[in-house]
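Have a look at the structure below, then the notes.
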Amino acid sequence: MASGRVDLDGNPIKPMTICMIGAGGFIGSHLCEKLMAETPHKLFAVDVYNDKIKHLLEPSSLQWADRIQFHRLNIKNDSRLEGLIRMADLVIFFALICLVSAFWLVSAFWLVSVEIGFGLSSLASGSGFCGSFESFSLLLSSSFSLFLALMLLCYFATINLAAICTPADYNTRPLDTIYSNFIDALPVVKYCSENGKRLIHFSTCEIYGKTIGSFLPKDSPLRQDPEYYVLKEDASPCIFGPIEKQRWSYACAKQLIERLIYAEGAENGLEFTIVRPFNWIGPRMDFIPGIDGPSEGVPRVLACFSNNLLRREPLKLVDGGESQRTFIYIKDAIEAVLLMIENPARANGHIFNVGNPNNEVTVRQLAEMMTQVYTKVSGEPSLDSPTIDISSKEFYGEGYDDSDKRIPDMTIINKQLGWNPKTSLWDLLESTLTYQHRTYAEAIKKAISNPTAS
Ligand code: NAD
Ligand code: UDP
């Protein structure tokens, strides 16, 4: 599993200890699985929930039981967070090595300088110059062990996934959204910066907001020009709507934490990588309302449409389903994150779009494709009217707004990590809807036949 693994430059990959905050969520659960199954790394999995990673934590006889520890804590108000980021026990151990090596180093310097002084005066007086060889070797070995200890200190990373990140919350719970995505992330950035820990922070493609092209007249030929819609990490502007469109509270909070991390890198040398996911989807995403989440809850589009299909209801197209998205299979995206984790020299200091530009559809096309795929995997015919239009005000409430189109530019991630997504939209929907049907169809049937019980 672990032996013989090399990074993109052919160097052996050393085992790491990773503190993953938000490990119990959709992305976190897939990343935990990948790290346990394919790497030797150790994991502190931090979250308030662990339902989605239970299979990795129990039974304790699993082969990776000694490599994963779950810590149930809310990063808003738990003083254990700093300890976990610093990995107190290991830091103390390495600090000891550093201290001993530093002590050797100072003594060796002292011996060498005394001997040089002594040597010069003894040369002048014509007597011998002995002992310098031992002192020089002490100097060399102590410098080497100090270097080694400092190197070992580098093999820790913190990954921050914790966030409120469902659009239905952005305009209805804007304060919680801003606190979660900015204020609560501040201590994580601070502890990493102060303790010299590498940080991989999850931001969002929503940071780009609307495309430049969306402001052109509908019939402008420039709308077809990629310069007006492809989203580039180092060139595209961030275009949000007015403050009263509270939809943008999330994007704005994510933007400010990105800027803060970038500034910590520039001013204080924080080693960071920022990930901008473009609609990652797959099994375990969000919840099915009334089954493993609140009946009135509104998850992201994959779970909304899955819920409609499972319940044999029409899929609701917000404002006609004209917005465009590129969807990427979670397993492809996790490959990219693992490359970032294991190639710090190539990933540090970078912001990466992670998406699949080949899987672009309108939300209406997504609904049509999901309906076809679900018919195939469930064996149930589709409804005569499989979709229904609904206004954003009715679906999300006041203050909703939308990103019109999201195509990631892949130049930076290609160049730094040589990564490309593989899975087509049809294939990823087939495996995801097979999972949804297997996991939820029976529970939904029961809930429908006995509505008071759920
Ligand atoms: P998710 O909601 O499934 O996971 C987030 C996890 O963070 C949850 O398990 C939640 O319990 C945990 N969490 C939240 N606040 C916490 C706190 N105060 N203390 C401890 N744990 C806390 O979401 P996800 O889809 O896995 O997204 C992970 C990250 O990726 C988020 O930062 C999100 O903004 C970003 N992102 C994801 C997508 C996507 O396509 N899935 C798109 C854009 C951005
Ligand atoms: N959407 C929809 N019907 C639903 C849920 C979402 O039409 O039942 C639309 C939503 O308005 C947006 C797109 O689907 O245009 C994607 O929504 P999602 O919640 O997945 O998050 P986003 O991509 O906007 O961050």
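For the range 394-415, what are the residues that are of a type in the set (Ser, Thr, Tyr) and outside any helix (DSSP H, G or I)?
Tyr400, Ser403
Do you know which of the residues in the range 348-367 that are assigned to a helix (DSSP H, G or I) and free of Cβ contacts under 8 Å to residues at least 60 places away in the same chain is surrounded by the most Cβ atoms within 10 Å (Cβ to Cβ)?
In this case the residue turns out to be Arg364.
Have a look at Leu309, Leu383 and point out the one that is surrounded by 22 or more Cβ atoms within 10 Å (Cβ to Cβ), among the aliphatic types (A, V, I, L, M) and farther than 18 Å from Phe278 by Cα.
Testing whether each residue is surrounded by 22 or more Cβ atoms within 10 Å (Cβ to Cβ), among the aliphatic types (A, V, I, L, M) and farther than 18 Å from Phe278 by Cα leaves just Leu309.
How about the range 390-422: which of its residues are free of Cβ contacts under 8 Å to residues at least 24 places away in the same chain and within 16 Å of ligand 2 (Cβ to nearest atom)?
Within the range 390-422, Lys393, Glu394 meet the criteria.
Kindly evaluate Asp234 against the criterion of being closer than 26 Å to Arg346 by Cβ, of a type outside the set (Val, Ile, Thr) and in contact (Cβ under 8 Å) with a residue 24 or more places away in the chain.
Yes, satisfied.
Step by step: first the residues of the range 159-189, then only those that are within 16 Å of ligand 2 (Cβ to nearest atom) and part of a helix (DSSP H, G or I), then the one that is surrounded by the fewest Cβ atoms within 10 Å (Cβ to Cβ). Which residue is that?
Ala168
Residue by residue through the range 56-78, note down the ones that are part of a loop (DSSP other than H, G, I, E, B) and either more than 30 Å from Tyr179 (Cβ to Cβ) or β-branched (Val, Ile, Thr) (or both).
Once the filter is applied, which keeps residues that are part of a loop (DSSP other than H, G, I, E, B) and either more than 30 Å from Tyr179 (Cβ to Cβ) or β-branched (Val, Ile, Thr) (or both), the range 56-78 yields Glu58, Pro59, Ser60, Ser61, Leu62, Gln63, Trp64, Ala65, Asp66, Arg67, Ile75.
If the requirement is being within 10 Å of ligand 2 (Cβ to nearest atom), among the aliphatic types (A, V, I, L, M) and either farther than 30 Å from Glu267 by Cα or touching a Cys at 6+ places or on another chain (Cβ under 7 Å) (or both), which of these qualifies: Val373, Val298?
Only one candidate passes the filter, namely Val298.
What do you reckon, is Met410 among the aliphatic types (A, V, I, L, M), in the same structural domain as Gln224 (by TED's automatic domain parsing), surrounded by 21 or more Cβ atoms within 10 Å (Cβ to Cβ) and in contact with a strand residue (DSSP E or B) (Cβ under 9 Å, 6 or more places away or on another chain)?
In short, no.
Please enumerate the residues belonging to the range 33-54 that are part of a loop (DSSP other than H, G, I, E, B) and either among the β-branched types (Val, Ile, Thr) or within 16 Å of ligand 1 (Cβ to nearest atom) (or both).
Answer for the range 33-54, where residues must be part of a loop (DSSP other than H, G, I, E, B) and either among the β-branched types (Val, Ile, Thr) or within 16 Å of ligand 1 (Cβ to nearest atom) (or both): Thr39, Val48, Tyr49, Asn50.
Take the range 216-236 and flag every residue that is surrounded by 12 or more Cβ atoms within 10 Å (Cβ to Cβ) and either in a loop (DSSP other than H, G, I, E, B) or among the hydrophobic types (A, V, I, L, M, F, W, C) (or both).
Leu216, Ser220, Leu222, Asp225, Tyr229, Val230, Leu231, Lys232, Glu233, Ser236
If a residue must be surrounded by fewer than 20 Cβ atoms within 10 Å (Cβ to Cβ) and either assigned by TED's automatic domain parsing to the domain that holds Lys197 or in contact with a helix residue (DSSP H, G or I) (Cβ under 7 Å, 6 or more places away or on another chain) (or both), how many such residues does the range 13-35 contain?
Of the residues in the range 13-35, 4 are surrounded by fewer than 20 Cβ atoms within 10 Å (Cβ to Cβ) and either assigned by TED's automatic domain parsing to the domain that holds Lys197 or in contact with a helix residue (DSSP H, G or I) (Cβ under 7 Å, 6 or more places away or on another chain) (or both).
With the structure loaded, tell me whether Asp402 is of a type in the set (Asp, Glu), within 16 Å of ligand 1 (Cβ to nearest atom) and either closer than 30 Å to Cys252 by Cα or not assigned by TED's automatic domain parsing to the domain that holds Gly297 (or both) or whether it fails that test.
Yes.
Return yes or no: is Lys422 modelled with pLDDT of 95 or more, more than 26 Å from the chain's Cα centre (by Cα) and basic (Lys, Arg)?
no
Before we move on, is Ile330 touching a His at 6+ places or on another chain (Cβ under 7 Å) and either within 16 Å of ligand 1 (Cβ to nearest atom) or over 30 Å from Ile13 (Cα atoms) (or both)?
Yes, satisfied.
What are the residues in the range 283-323 that are touching a residue at least 24 places away in the same chain (Cβ under 8 Å) and polar (S, T, N, Q), if any?
Ser295, Ser306, Ser323
Go through the range 190-204 and report how many residues are crowded, with 24+ Cβ neighbours inside 10 Å and part of a helix (DSSP H, G or I).
Residues flagged as crowded, with 24+ Cβ neighbours inside 10 Å and part of a helix (DSSP H, G or I) within the range 190-204 amount to 1.
So which of Gly355, Gly290, Gly321 is assigned by TED's automatic domain parsing to the domain that holds Gln436 and farther than 28 Å from Gly213 by Cα?
After applying the criteria, what remains is Gly290.
The values are calculated or read from the model by the stated rules, or taken from the named source; none is laboratory data. Note that the structure is predicted; figures quoted are calculated from it, not measured. Positions of Cβ are backbone-derived with ideal geometry, glycine not excepted, and every protein chain shown enters the neighbour counts.
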